[in-house]
Structures are given as C-alpha cells and as structure tokens.
1. If I filter region 207-232 down to residues being outside any helix (DSSP H, G or I) and in contact with a Gly (Cβ under 8 Å, 6 or more places away or on another chain), which single residue comes out as surrounded by the fewest Cβ atoms within 10 Å (Cβ to Cβ)?
2. How many residues does region 209-242 contain that are over 28 Å from V169 (Cα atoms), of a type in the set (S, T, Y) and modelled with pLDDT under 85?
3. Can you find a residue that is surrounded by fewer than 13 Cβ atoms within 10 Å (Cβ to Cβ), modelled with pLDDT under 65 and either within 30 Å of M203 (Cα to Cα) or not hydroxyl-bearing (S, T, Y) (or both) anywhere in region 131-151?
4. Tell me, which residue of region 6-40 that is among the β-branched types (V, I, T) and touching a residue at least 12 places away in the same chain (Cβ under 8 Å) is nearest to I217 (Cα to Cα)?
5. Find the residue count for region 103-122, including only residues that are modelled with pLDDT under 85 and more than 23 Å from the chain's Cα centre (by Cα).
6. Of everything in region 185-196, what is touching a residue at least 12 places away in the same chain (Cβ under 8 Å), closer than 16 Å to A282 by Cβ and either among the aromatic types (F, W, Y) or not in a helix (DSSP H, G or I) (or both)? Give them in sequence order.
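The values are calculated or read from the model by the stated rules, or taken from the named source; none is laboratory data. Remember, it's a predicted structure, so these values are computed and weren't measured experimentally. Don't worry about glycine lacking a Cβ; one is built from the backbone with ideal geometry, like all the others, and counts go over all protein chains shown.
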Amino acid sequence: MTYEGVFSIISQIKKKIIYIVAVFGAGALLSFSYMGEVIKKIETDMFWRLNIPDRPDSAKQLIEISNEIASISKRLADNNSIISGNNSIIAQNLTRVSNDILNISQNLYLYKPNIIYLTPMEVIMLEFKMSLIFGVLVVSPLILYYVYRGAKGRLTNLPFIREKKLLIVLTITASIALFLIGAGYAYFYMLPFFLSFLYQDAMNLGINATFSIYEFISFIVMTTVILGIAFELPVILTFLVHLGVTSRKTLSHYRRHAYIILLIIAAWVTPDPTMFTQVMVALPFIILYEASLVVMRLTGK
C-alpha cells in the first residue's frame, strides 16, 4: 500500500471521528436542558404505585379551604383601613397557612420518599452524566453504520457469513427486542412494585425514606440496563448451541441447576432480602430459559 493510500485511509478515519464527536456532542448538549424533566419523569414513574385511592376527596376539600383562606388574606391586604398594619400581618400569616394547607393537599395525592441532593454539584453532575449517556445512544447508530460499512466487504466473503446471513439478522433483531422487553419490564413493572413494597413496609414502621438523587437515579438506570442485558439469555444460549459449546439435551438435563443459578443471579441483582422480589426477577429468566429450549427443538438444535 502506497503512502497516498495510507494517508487517504487516515483522512477518512479522521472525518468519521469528527462526525462521531460532533453528533455525540450535539446530542449531549441538546439533551442537557431536558435532563431535569427526565429525572422528574423517572421519579414519577417509580412511585406511581404509591397513589392512595381514598385521599383525592380530602385533598380537594383542603384545596378549597386553602383558596378561601388565600381570598380572605387578599381582601385584608387590600383593605386600607386605620389598622392596615395589623391587617398586613394577619394577611401574611393567613398566606402562610394557605400554602401549608396546599402542601398537605398535594401530599395527600401522592405519598413518596424525599429526594434530596447531598453535595452542591450533585444534581448538575447527574444531569451532565445523563446527557452523556443520551449522547452515546444518539451516536451509536452512526458508529454501527460505520463499522458495518467498513466490514461489509470483508465479512461477505466468509462462508459462515454467507450461509448464516438470515440467522445473523434474526439474532441482532431478537437481541434488540429482548433488551427492550427486559428494560421495559424492569422500569415499568418490577422497579415500581419493588420500591412501593419497600416504602409501604417502611411506612408501617413509621420510618420516612430519604434518597440521594444521584444514588436513586443511578440505581434505577443500572437495574434497568442489567435486566435488559439479562433478557439476552435466549440469544446467548442459542449462540452457544450453534457454536457447539453445549447442546439442547445438556441444557434440558441440567435445567434444575440452571434454575438455582438464575435465582442466585436474581438475588444479586435485587438488593431486597425478601424472596418475593427475587422470584419476580428469576421467573422471567426461567421462562426465557424454557423458551430457548423450545426454539432449539423447533430449529432442530
């Protein structure tokens, strides 16, 4: 290869790196201003199970009382009588009472733990890191496209790639779908139920929960990603069978051992010591394990 060819390749790589950095930076920068709303959305999604159905009527009554007190306070503040100074003090106190009642009414709608920040830069750093994650997600398709375009000519010449092209496409599609299903199961069902269970148990003991915003969001994101990756089990097992590392007969014979391993993994993923949430995590794994065996049987593996 000539020097011109080498410099041409380096120039192309340089351009691609610039494009990748530009897309990543744009995605991270544009998403940064929305990360506060994303954090609020995560908090709401995690605690929606804490809604108490018999409280809205009481909350509405308190809102009406708060509005009446606020109206009286306004009339007193606008009254220009001789004792306007006293009226002003009374109006200020009534305004405080009105705001306190309004806060109580809002708390009646939704009981949830206190989310606090422990260091001055904690919220900003959390928003910054989340925007970086979003930037990675935005630029990932571009990186995969460059990798595919660069390896396309070389990979298509391999006999295995030509013979298993459909299988590879199906595997990639199944991997993406299973990851999204696992992440969705963790985010929309398991985590809200899990947090609700722990919080209600603490409330029964008269204990108030207070979470660090950084630790709370990190826990939600980490658990969601771990469950998404864990749902790749059928793809991993099928891939190992196709490589000849194991067989369907072996996986079927040692399924009880596999169940124990899956329960151990579930215990590691969920910090809750109760068996209930561990079963919530392990049960989908077991179903996916059995589904993998069915797929292998249908495909003759």
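1. E232
2. Counting residues in region 209-242 that are over 28 Å from V169 (Cα atoms), of a type in the set (S, T, Y) and modelled with pLDDT under 85 gives 1.
3. Among the residues of region 131-151, not one is surrounded by fewer than 13 Cβ atoms within 10 Å (Cβ to Cβ), modelled with pLDDT under 65 and either within 30 Å of M203 (Cα to Cα) or not hydroxyl-bearing (S, T, Y) (or both), which makes the answer no.
4. My answer is I39.
5. Going through region 103-122 one residue at a time, the tally reaches 7.
6. Passing the criteria: Y185, F193, F194.
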